[in-house]
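Novice: There's a structure below that I have some questions on.
Values quoted throughout were computed directly from the atomic coordinates according to the rules given, and no laboratory measurement underlies them. As the structure is a computational prediction, the values presented were derived from the model and not from experiment. Virtual Cβ from ideal backbone geometry, glycine too; neighbours counted across all protein chains shown.
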Amino acid sequence: MSPRERRTAPVTAAEAGAWAETLVRHGLLHAAVPVPTGQWLAQRTPTAPIRVLGGPADVLHLAAQLQAHARTRGSRIR
């Protein structure tokens, strides 16, 4: 899927969970956990404020932002 294509299916909790786990494993997030309301709690570093994400789509949006930031930062190092 190219970056300009729109999704036709809604983001699932499983997909958001996979992205959250990947972001934490690679150190782009300190923590990301779902709550029973369907929202997600995310924290960039252990001392950063906790962000409340509205749902799985917001987790994917955050993942895209973090990846873009990491790519931009990485290209400056090279």
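Novice: Write down the Kirkwood hydrodynamic radius of the stretch 13-72, to one decimal in angstroms, obtained as one divided by the mean of 1/r over all alpha carbon pairs.
Specialist: This gives a value of 11.3 Å.
Novice: Give the residue from TRP19, ALA70, LEU53 lying farthest towards the positive end of the charge dipole for the chain; charges sit on Cβ (+1 for Lys and Arg, -1 for Asp and Glu) and the dipole is referred to the Cα centre.
Specialist: Sorting the options by dipole projection puts first ALA70.
Novice: Between ARG71 and THR37, what is the spin-label point distance in nm, taking each point 7 Å from the Cα along the Cα→C-beta axis?
Specialist: Placing both labels 7 Å along Cα→Cβ, they lie 3.3 nm apart.
Novice: Further question: For the stretch 33-40, in order, what is each residue's ³J(HN,Hα) by Karplus, 6.51 cos²θ - 1.76 cosθ + 1.60 with θ = phi - 60°, in whole Hz (x at glycine and Pro)?
Specialist: Here the 3J(HN,Hα) series is 9, x, 10, x, 6, x, 7, 10 Hz.
Novice: Then there is this: Tabulate in residue order the Karplus-calculated ³J(HN,Hα) for the stretch 58-64, using 6.51 cos²θ - 1.76 cosθ + 1.60 with θ = phi - 60°, rounded to whole Hz; enter x for Gly and Pro.
Specialist: These are the phi-based 3J(HN,Hα) values: 5, 5, 5, 4, 4, 4, 5 Hz.
Novice: For an R0 of 25 angstrom, estimate the FRET efficiency from the Cβ-Cβ distance between VAL52 and GLU21 and round to the nearest 0.05.
Specialist: Efficiency at R0 = 25 Å is approximately 0.85.
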